[in-house]
Amino acid sequence: MNREGMHRDGDYRWVIEPTGDMRVPAVLYADEVLLDDMDDKVRWQLCNVASLPGIVGAAYAMPDAHWGYGFPIGGVAAFDAEAGGVVSAGGVGFDISCGVRTLVSACTRDEIAGVQAALAHELARAIPAGVGSTGRLRLSDREMDAMLTGGARWAVAQGYGSSDDLAHIEEFGCITGADPDALSQRARDRQRDEMGTLGSGNHYLEVQCIAEVFDRAAAAAFGLEQGRVVVSIHCGSRGLGHQVGTDYLRDMVIAAPSHGLQLPDRELACAPIRSSLGQRYLGAMRAAMNCALANRQILTHLCRESFRRILPGFDGHLLYDVSHNICKEEMHDVNGTKRRLHVHRKGATRAFGPAHGAVPEAMRDHGQPVLIGGSMGTASYVLAGAATGEALSWSSACHGAGRSMSRHQATKQWHGRTVVDELAARGILIRSPSLRGVAEEAPGAYKSVDRVVDVAERAGLARKVARLEPLICVKG
């Protein structure tokens, strides 16, 4: 990345002071290696975000940042509705409420090793994955409305999982303020057959082993023990969320002049939070968030069923579920005053610190679990939100390794079958309906997740709790 006009503020914080239309600084968290690996478009997009009305503090980029649609992926920005702040569909993204949930089991790595191939086959058979994949459910209009307003609570009421799960999901499994009437018929139709499916791209279900524990007290509170097996599920709101993004980006671009908005980039389409369009988008986005929470809850149930067919004693209790493509209303300290802000996190994870009331009580002394997915075949991490995070990034951290090359570039460099065979030789079984999809997600197409997480910790965004190594990956 071009460092012209950028100054260093500490070892892992880089600042671009406001110039031109920028209202606030742009701040990037990275070491020199990660900064050099970021495309110049990340800088350009972040400065554009810093020019939006009502932005508070700064526009932030996490250590895994790379360019995206409108906002950089790994971008964080907060807006004050009382100061004319906006909500941006490009600042949330198309895969609304894409996130990670992790289940913790009492199984050991040795137990999995004895049934690894059979378990991989059973998970791949039971978990629908890939482009256009459909699930067991077909929702009526009435059932669709109930799902869109009920989220994971609706899924539990349908028999998918238990009420114990809800205490370990952000907002206890249901986002208030959802408005199913704000969704187009096309969005509803796209989701009718897709509940309980992984989808494609970088979505996955991965069986992992806790390879290393860094913070023993936090790990004990989270139920993590070295050598034990966990399962992480990474997916979002599928076709419904994508259609919500498509519909409202178009409407926001068209309506921008009537709101007096001059967009530095049409991909940054937005609307004033207090406008009817802004409120309709928030209602539709919250409905999509509930869709994602319900989807991950159904997948959790399917995962548990699959495990129990191979290992009848499998428990798999939920550690946490947190989204990373969202806009959430949150109270934050701004220069000593609490203000209600609309915090956009696009490819960034909420990371509330110790004592925050939104963190499950059993974990509250240590901060919110922050679930960081690696690239296929590499480590993942469990972090804990840090007390310093609010002042640094509105309590936000990275969400994964972050791409270092496009999917198209990856398919030119790797063949899917070769990737599958190389990972199998390392003891990692990949199951996917698409070898092209495997090539697109080859480990070498991503940054080093170890470096990204190390920078996040050293910068004060979150603390490392445990490192997870993959055993089985089911992906689209």
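Here are the numbers for this structure:
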| item | result |
| --- | --- |
| (1) 1.02; (2) 0.91; (3) 1.36, with the label sought being that of the calculated Cα Rg over 2.2 N^0.38 Å | (2) |
| Selection from Ala120, Leu137, Val27, by position along the positive dipole direction of segment 1-137 (Cβ) | Leu137 |
| Karplus-derived 3J(HN,Hα), 6.51/-1.76/1.60, for each residue of segment 77-86, Hz, glycine and proline x | 8, 10, 10, 9, 4, 6, 10, x, x, 10 |
| Rounded tilt (10° steps) of 238-255 against the dominant C-alpha axis of the chain | 10 degrees |
| Backbone N within segment 192-226 under 19 Å of label point (7 Å from Ser162 Cα along the Cβ vector) | 222-224 |
| Crossing angle, helix 116-126 versus the chain [Cα axis fit, 0-90 degrees, rounded to tens] | 60 degrees |
| log10 of Debye I(q)/I(0), alpha-carbon scatterers only, for segment 255-337 at 0.21, 0.26 Å⁻¹ | -1.08, -1.22 |
| Debye intensity ratio I(q)/I(0), log10, segment 337-476, q values 0.15, 0.19, 0.20, 0.21 Å⁻¹ (C-alpha model) | -0.78, -1.03, -1.09, -1.15 |
| Cβ-defined net charge surrounding Leu46, 12 Å radius [Lys, Arg +1; Asp, Glu -1] | 0 |
| Amide H within-cut-off set for Leu468, under 5 Å, with H built and near neighbours excluded | Ala211, Ser380, Tyr381, Val382 |
| Summed side-chain charge close to Leu148 - residues other than Leu148 whose Cβ falls under 10 Å, Lys, Arg +1, Asp, Glu -1 | -2 |
| Segment 222-329, accessible area per residue, ligands and nucleic acids excluded (1.4 Å, Å²) | 30 Å² |
| Tail beyond 17 Å, pair distance distribution of segment 128-195 (Cα, percent) | 47 percent |
| Inter-centroid distance (Cα atoms) of segment 409-472 relative to segment 171-201, Å | 28 Å |
| For segment 364-422, accessible area per residue (1.4 Å probe, heavy atoms of protein chains only), Å² | 36 Å² |
| Karplus-derived 3J(HN,Hα), 6.51/-1.76/1.60, for each residue of segment 407-422, Hz, glycine and proline x | 4, 4, 4, 4, 5, 6, 9, 10, 10, x, 4, 5, 4, 4, 5, 5 |
| Centroid-to-centroid separation of segment 267-314 and segment 103-137 [C-alpha atoms, Å] | 21 Å |
| Rounded percent of accessible protein surface that carbon and sulfur make up, segment 1-46, 1.4 Å probe | 42 percent |
| Charge dipole of the chain about the Cα centre (unit charges at C-beta), most positive-ward option of Cys291, Ser323, Gly336 | Cys291 |
| The chain: angle of helix 40-49 to the longest principal axis, Cα-based, in degrees nearest 10 | 60 degrees |
| Fraction of antiparallel bridges per DSSP, the chain only, in percent to nearest 5 | 90 percent |
| Percent RCO, i.e. relative contact order, over the chain, from Cα pairs under 8 Å lying at least 6 residues apart | 22 percent |
| For segment 283-378, radius of gyration divided by Kirkwood radius, i.e. Rg to Rh on alpha-carbons | 1.04 |
| Loop-located trypsin sites (Lys or Arg not before Pro) in segment 1-83 whose Cβ has at most 16 other Cβ within 10 Å (DSSP) | Arg3, Arg23 |
| In sequence order, calculated HN-Hα J values of segment 160-175 (Karplus, 6.51, -1.76, 1.60; Hz; x Gly/Pro) | 9, x, 10, 5, 4, 4, 5, 5, 10, 10, 4, 6, 6, x, 9, 8 |
| Within straight-line cross-link reach of Lys346, lysines at Cα separation under 26 Å, skipping those fewer than 8 residues along the same chain | Lys41, Lys328, Lys338, Lys447, Lys464, Lys475 |
| Per DSSP, loop trypsin sites (Lys or Arg not before Pro) in segment 378-476 with at most 11 further Cβ within 10 Å | Arg426 |
| Amide H within-cut-off set for Ser51, under 5 Å, with H built and near neighbours excluded | Arg23 |
| Nonlocal amide H pairs with Ala78, under 5 Å, H built at 1.01 Å | Val56, Ala58, His344 |
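The values are calculated or read from the model by the stated rules, or taken from the named source; none is laboratory data. A quick note: this is a predicted structure, and the numbers were derived from the prediction, not measured. We place every Cβ from the backbone using ideal geometry, glycine too, and count neighbours over all the protein chains shown. To get the accessible areas, we keep the full protein, side chains included, count just its heavy atoms, and leave off ligands, DNA and RNA. Shrake-Rupley method; radii C 1.70, N 1.55, O 1.52, S 1.80 Å.
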